[in-house]
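J.: Handing you this structure, nothing more for now.
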Amino acid sequence: MILVSKPKILIIGAGYGGMMTATRLIKELSPNDADITLVNKHNYHYQTTWLHQPAAGTLHHDRTRMLIKNVVNPDRVKFVQDTVKEIKPNENKVITENGELEYDYLVIGLGFESNTFGIKGLDENAFTIRSVDSVRKIREHIEYQFASYNHDEVPNDDKLAIAVGGAGLTGVEFVAELANRIPELCREYDIERSKVRIINIEGAPTILPNFDKELVEYAVNQLESKGIEFKLSTFIKECTKDSVIVQEKDSEDLEEIKAGTIVWTGGVKANTIVEKSGFKTNRGKVEVDDALRSKEYDNVFVVGDCSLVMDKETNRPCPPTAQLAMQQGVNLAKNIRHILHNEPTEPFVYKNKGTVASLGAGDAVAVVGNKRIKGAPAAALKKIVDDRYLLMLGGVGLMLKKGKLNLLK
Ligand code: FAD
Ligand code: NAD
């Protein structure tokens, strides 16, 4: 009897794209079809889309994460906790901190990094919202600033100020959480609310540049009424240990804004491991074909923020979202089955299901098709979107355990 070894499928990164691919592959393939391995730097998967909350301290970070072994059946997918250092696509190998892994098919789902565009001092001095580790640091730092303020010989209000660079979706969702959290911290540490500035600095003339005027106006009014200051048409030029240097559009003057906490939410880029591994990239991302396959290597697939996919409706690159990564994972699992069974693949077509921007507890703005929604209904929609992901990933059990609709709590 000749024993033919099973093809090895290696998934790197357990974010939305990697997790969706892994859980769907279990459904698409029989155990005899392939050996599947999932590598991730932590033993848990986290909900990146919720990270603005633990960053501000309005939700414990444990609510955003779950052990991978509880979601991805370990009898079907071998989980390896390790950090990927390099991909060697010509040798079908992935180099990790602790060794190397071989594959016949590779799925890259390593996600995003913050993009600081080479702005002086940002990498060294600003916090970013990108992982459980990074947001835990923000929450602890802010709490420390508040806890120590009244113990300083000469309390300095600048210590309490929080400067947030970038008022895209991440920046706005974060300052909205801060608007709810800061009054609590003020009460806890006996500080007057009026002493705390939260300044959101945005280069564009508007916050949430992709939302229409009516929703943006609503969001600005809601957040300003809770004490958020917006500085629009203003670019961060430099970041120091305790300040940001900004410049208004069309002005020569620079202004220094002092802040004890500086958080950069000015943009993202694909995980740089991809580019460093020698893949041809476009804006740091790998261009993929209709089957989400790299155009250079037939056996390498890319999902999520590392992939560059065109939206056929707008003819522009799809924005890097969890929505996109999940849809890709579902499609890719089917296509890997087709490939293993020598069947034609199903082209990936992105379906934009809309965008909801949270404005803190009970408030949000949303665009769904041609509908514009604001306030409590939009906030409810956000919870539904969040819980839908959990439902797709781990079924009703996971949704009830980790979801936001709190059906069991
Ligand atoms: P990620 O979710 O970034 O996951 C990558 C995984 O790879 C992580 O588990 C990471 O630990 C692991 N990893 C990274 N490097 C290595 C390595 N070297 N070795 C091993 N493992 C590694 N999108 C939406 O659609 N809706 C939203 O409401 C929304 N809200 C957001 C809110 C915030 C605050 C932020 C920051 C983003 C939000 N996004 C949202 C965007 C969305 O989170 C990303 O597009 C999505 O996370 C990308 O998924 P991914 O699978 O590519 O990677
Ligand atoms: P982004 O690139 O969408 O927004 C960054 C903002 O920072 C932009 O408005 C930009 O003008 C501004 N900026 C850049 N450089 C600046 C400078 N020097 N000074 C001042 N402002 C500057 O980044 P993001 O908000 O982190 O979003 C990343 C991705 O994640 C996007 O695709 C977004 O759609 C997605 N996301 C979605 C949600 C949601 O659906 N609720 C939430 C967060 C993020």
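None of the figures in this text is laboratory data; all of them are computed from the coordinates on show. Remember, predicted model here, so these are calculated numbers, not experimental data. Glycine gets a Cβ as well: all are built from the backbone with ideal geometry, and neighbour counts include every protein chain shown.
J.: Roughly how many whole Å is it from the C-alpha centroid of region 30-45 to that of region 332-381?
T.: 25 Å
J.: I want to check the label-to-label distance for residue 102 and residue 35. Put each point 7 Å from Cα in the C-beta direction and report it in nm to one decimal.
T.: 0.9 nm
J.: Fully extended, how many nm does the chain gain between residue 249 and residue 313 (0.36 nm per residue separation, minus their Cα-Cα distance)? All intermediate terms of the calculation are to be shown ahead of the outcome.
T.: On the way: separation 64, 0.36 × 64 = 23.04 nm, distance 3.26 nm.
That pair, residue 249 and residue 313, stretches by 19.8 nm at full extension.
J.: Also, quick follow-up: Relative to the longest principal Cα axis of the chain, at what angle does helix 169-188 sit, 0 to 90 degrees, rounded to 10?
T.: Between the helix axis and the principal axis of the chain, the angle is about 50 degrees.
J.: State, to one decimal in nm, how far the label point of residue 384 lies from the label point of residue 80, with both points 7 Å from Cα in the Cβ direction.
T.: Roughly 4.2 nm, to one decimal.
J.: From the mean inverse distance of alpha carbon pairs (Kirkwood) and the Cα radius of gyration, derive Rg over Rh for the chain. Don't skip to the end; give the middle numbers.
T.: On the way: Rg = 22.3 Å, Rh = 22.5 Å.
Result: Rg/Rh = 0.99.
J.: Now a separate question. Under the classification rounded if a/c is under 1.5, otherwise prolate if a/b is larger than b/c and oblate if not, where does region 122-266 fall, given a ≥ b ≥ c as square roots of the Cα gyration tensor eigenvalues?
T.: prolate
J.: Taking DSSP loops as anything outside H, G, I, E and B, show the longest stretch in the chain free of GluC sites (Glu not before Pro) there with at most 11 other beta carbons within 10 Å. Walk me through the numbers on the way to the answer.
T.: Details: sites that count: 91, 97, 153, 192, 252, 313.
With GluC sites (Glu not before Pro) excluded where exposed in loops, the chain gives 314-409 as its longest stretch.
J.: Placing +1 at every Lys and Arg Cβ and -1 at every Asp and Glu Cβ, with all other atoms neutral, what dipole size does the chain have around its Cα centre, in debye to the nearest 20?
T.: 1480 debye
J.: In region 122-266, with Lys and Arg counted as +1 and Asp and Glu as -1 at Cβ, which of these residues, 201, 170, 149, has the Cα nearest the positive end of the dipole, that is, farthest along it?
T.: The one lying farthest along the dipole's positive direction is 170.
J.: Work out the count of Lys pairs in region 131-282 where the Cα-Cα distance is under 18 Å, with the pair 8 or more places apart or on different chains.
T.: Number of lysine pairs found: 14.
J.: Compute the angle between helix 322-340 and the longest alpha-carbon principal axis of the chain, please, reported from 0 to 90 degrees and rounded to the nearest 10.
T.: Rounded to the nearest ten degrees, it is 10.
J.: Give, in nm to one decimal, the length gained when the segment between residue 157 and residue 43 is fully stretched (0.36 nm per residue of separation minus the Cα-Cα distance).
T.: Additional length available on full extension: 37.0 nm.
J.: Between helix 376-402 and the chain, what is the angle of the helix's C-alpha long axis to the longest principal axis, kept within 0 to 90° and rounded to the nearest 10?
T.: 40 degrees
J.: Something else: Taking the Cα-to-Cβ direction at residue 26 and at residue 117 and moving 7 Å from each Cα, how far apart do the two end points lie in nm?
T.: Result: 4.2 nm between the two label points.
J.: Also, quick follow-up: Normalising by the residue count of the chain, find the relative contact order in percent from Cα pairs under 8 Å and 6+ residues apart.
T.: Numbers: 826 pairs, mean separation 71.5, N = 409.
Contact order relative to length: 17 percent.
J.: Extension gain residue 342-residue 298, at 0.36 nm per residue separation less the Cα-Cα distance, in nm?
T.: 14.5 nm
J.: Let's test the formula: R0 of 25 Å, r as the Cβ-Cβ distance of residue 276 and residue 125. What FRET efficiency results, to the nearest 0.05?
T.: Efficiency, rounded to the nearest 0.05: 0.55.
J.: Report the calculated FRET efficiency for residue 221 and residue 371 (r = Cβ-Cβ distance, R0 = 22 Å), to the nearest 0.05.
T.: E(calc), rounded to 0.05, equals 0.60.
J.: What FRET efficiency comes out for residue 214 versus residue 256 if R0 is 41 angstrom and r is the Cβ-Cβ distance? Round to the nearest 0.05. Don't skip to the end; give the middle numbers.
T.: Values: r = 35 Å, r/R0 = 0.85.
Approximately 0.75, to the nearest 0.05.
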